[in-house]
Amino acid sequence: MRKIAIIFMVLFSPAIYAQGNGGVEFGWYGLIPALFAIVLAVISKQVILSLLIGVVTGAFIFSFSDQSNSFAFGLDHVFDHYLLQALANKDHASILLFSLLISAGIHVMTKMGAFNGLVLWLSRYAKSKKSALLITYFLGFVVFFDDYANTLVVGNTMRKITDRFKISREKLAFIVDATAAPIASIAIVSTWIGYEIQLIGDAISEAPYPGMENGFSVFIHSVGYSFYPLVILGFILVLILSQKDFGPMLQFEKDVQLIDQKIEDEEAKSIKAIWAVIPIVILLFVTLLGIYSTGKREGGLIAAIQTGDCYKGLIWGSGAFLAVVTIISLFNRNRLEKNIVWIMDGMKSLFSAMAILVLAWALTAVLTDLQLGAYLGHLIQNNELSFHFIPAITFVLAAIIAFSTGSSFSTMGILIPIIVAVCLSFYSTTTFDLEIFYAAVASVLSGAVLGDHCSPISDTTILSSLATGCNHINHVNSQLIYCLTCGGIALFLIILNSLIGLNLATTYLFGVASICLIIKLLGRRSYFVLES
């Protein structure tokens, strides 16, 4: 009993801290809710439930501190403070509204056949196996603003074309899956960017150091260090151009040459491609105009975009996007009642993602109250770990968490506030480097995408299998070796850039050389390569 009492006192005593520079108290007990969220997600595969338990655990622990005024051991604060503030925060509400408007517009465009019209127009240029794969690849860039839309639209439509050239469903699923999240995660306008900017902005809001004016500025600077998304996009392109494969994918490509695949004859509803292009152009234009008009225009275009109100821009752009899409749908003789149903269906499809967002924001607030990031930074400094090791460690950790949970969003929600706080704890030291800080932030984002690609329980992995008509286990097995290869190259580039100090241009030259060398050494053509 004595041992149990001691453990209880250690866990929940608000006096336990590590004294840092300047007399700041760092609570190690912030590790407990973070670990609960991660471990429970791994065991149960239920991300939403795991995040909720993490919030409850953190609120319970914080209720024992002198700063808490909880009446029910923190359980009351879960609802009236953490979850309420996650919803009531103006920036958070902006992201939720933006996501709802985008999702509604995408659903209407899909239902009225605008996306299919665009894809079918592009498919006329598919004259060979290589060109069919290239069209599939570049369509991922066209539907850049949402990974779900990318997966469902491109996958469902392009399988008719790839079947014609005897391209395996596994190969199609890989290209669809591996171009969805990487593009959405680094695009200037996407359903990802608001969440990423919000997490970064919240993390740096308490420490507005020079060069970190807002989350958007940090995000823009970090894009060049997002090695995994850029590496896998380059890897796919070289793979298509060389017409080679290796690992399980090679066998699937060989097998498909020996069977007769049934070509789907039923044409999906489609309208002219221009009706898909116009809303996308308006979305981009209005969003960028909104960000620019709310920024400091004295410093030029880039400065205005970096200092502008991205949330207003995103809401203006997505609102204009939905309005134009609805007008186009009405113009194409779809009744108003039908459009309203499509809009509501599109919004309802986001419920799970929004629940993850809100719970991730609440968990971030809990970890901030418990000063977990500051404490981890204190430990790293005390153990004399070089600041330049943080990007590589972060990348591996993010990949492991995302693989275990199957969610990039929850991984970013857990790690970004921790990693930013760890990095900023070095700010007053001579080892702090702003470029390494950007690389560390980018490593969270790119590591989360890697883990998501490798995870069999990832929603985008499952959707890719469904959209392309591919056996899910076959998709996971054939994609895994490719994603791990690109992850290894990305880690190699992080080490070259952060530890050895190579500039970005030279680092990417090594990346291109690594991709070409691996495909040349391991890649083989299938037995038959059909070109017409």
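Scanning the range 12-66 for residues that are of a type outside the set (A, V, I, L, M, F, W, C), at pLDDT 70 or above and not in a loop (DSSP other than H, G, I, E, B) gives Tyr29, Gly30, Pro33, Ser44, Ser50, Gly54, Thr57, Gly58.
Checked against (1) modelled with pLDDT of 90 or more; (2) under 25 Å from Ala132 (Cα atoms), Gly224 passes all but condition (2). Restricting Ala276, Ala303 to those that are modelled with pLDDT under 90, part of a helix (DSSP H, G or I) and surrounded by fewer than 17 Cβ atoms within 10 Å (Cβ to Cβ) reduces the list to Ala303.
Listed here are the residues, each with its yes/no results for (1) at pLDDT below 90; (2) closer than 16 Å to Ser407 by Cα.
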{"position": "Gly447", "(1), (2)": "no, yes"}
{"position": "Ser455", "(1), (2)": "yes, yes"}
{"position": "Thr461", "(1), (2)": "yes, yes"}
{"position": "Ser464", "(1), (2)": "yes, yes"}
{"position": "Asn474", "(1), (2)": "yes, no"}
{"position": "Asn477", "(1), (2)": "yes, no"}
{"position": "Tyr482", "(1), (2)": "no, no"}
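The set of residues from the range 241-258 being assigned to a loop (DSSP other than H, G, I, E, B) and surrounded by 16 or more Cβ atoms within 10 Å (Cβ to Cβ) comprises Gln243, Lys244, Phe246, Gly247.
Of these, Leu517, Leu509, Leu521, which one is over 26 Å from the mean Cα position of the chain (by Cα), modelled with pLDDT of 95 or more and of a type outside the set (Lys, Arg)? The unique qualifying residue is Leu517. The number of residues in the range 430-445 being within 11 Å of Ile419 (Cβ to Cβ) and hydroxyl-bearing (Ser, Thr, Tyr) comes to 1. Residues in the range 449-458 that are touching a Gly at 6+ places or on another chain (Cβ under 9 Å), in contact (Cβ under 8 Å) with a residue 60 or more places away in the chain and outside any loop (DSSP other than H, G, I, E, B): Leu450, Asp452, His453. Which condition does Trp121 not pass, out of (1) touching a residue at least 60 places away in the same chain (Cβ under 8 Å); (2) surrounded by fewer than 24 Cβ atoms within 10 Å (Cβ to Cβ); (3) closer than 30 Å to Val444 by Cα; (4) not aliphatic (A, V, I, L, M), if it passes all the others? The single condition Trp121 does not satisfy is (3). Here Ile400 does not fit the description of being free of Cβ contacts under 8 Å to residues at least 12 places away in the same chain, out of contact with any Lys or Arg (no Cβ under 6 Å at 6 or more places or on another chain) and surrounded by fewer than 24 Cβ atoms within 10 Å (Cβ to Cβ). Checked against (1) under 18 Å from the mean Cα position of the chain (by Cα); (2) modelled with pLDDT under 90; (3) among the small types (Gly, Ala, Ser), Gly469 meets all criteria but (1). Ile263 satisfies every condition listed in (1) over 25 Å from Pro456 (Cβ atoms); (2) at pLDDT 80 or above except (2). Taken over the range 317-327, the criterion of being surrounded by fewer than 21 Cβ atoms within 10 Å (Cβ to Cβ) and touching a residue at least 12 places away in the same chain (Cβ under 8 Å) is satisfied by Gly319, Ala320, Val324.
The values are calculated or read from the model by the stated rules, or taken from the named source; none is laboratory data. Just so we're clear, the structure is a prediction, and the values are computed from it rather than from any experiment. All Cβ positions, glycine included, derive from the backbone under ideal geometry; neighbour counts span all protein chains shown.
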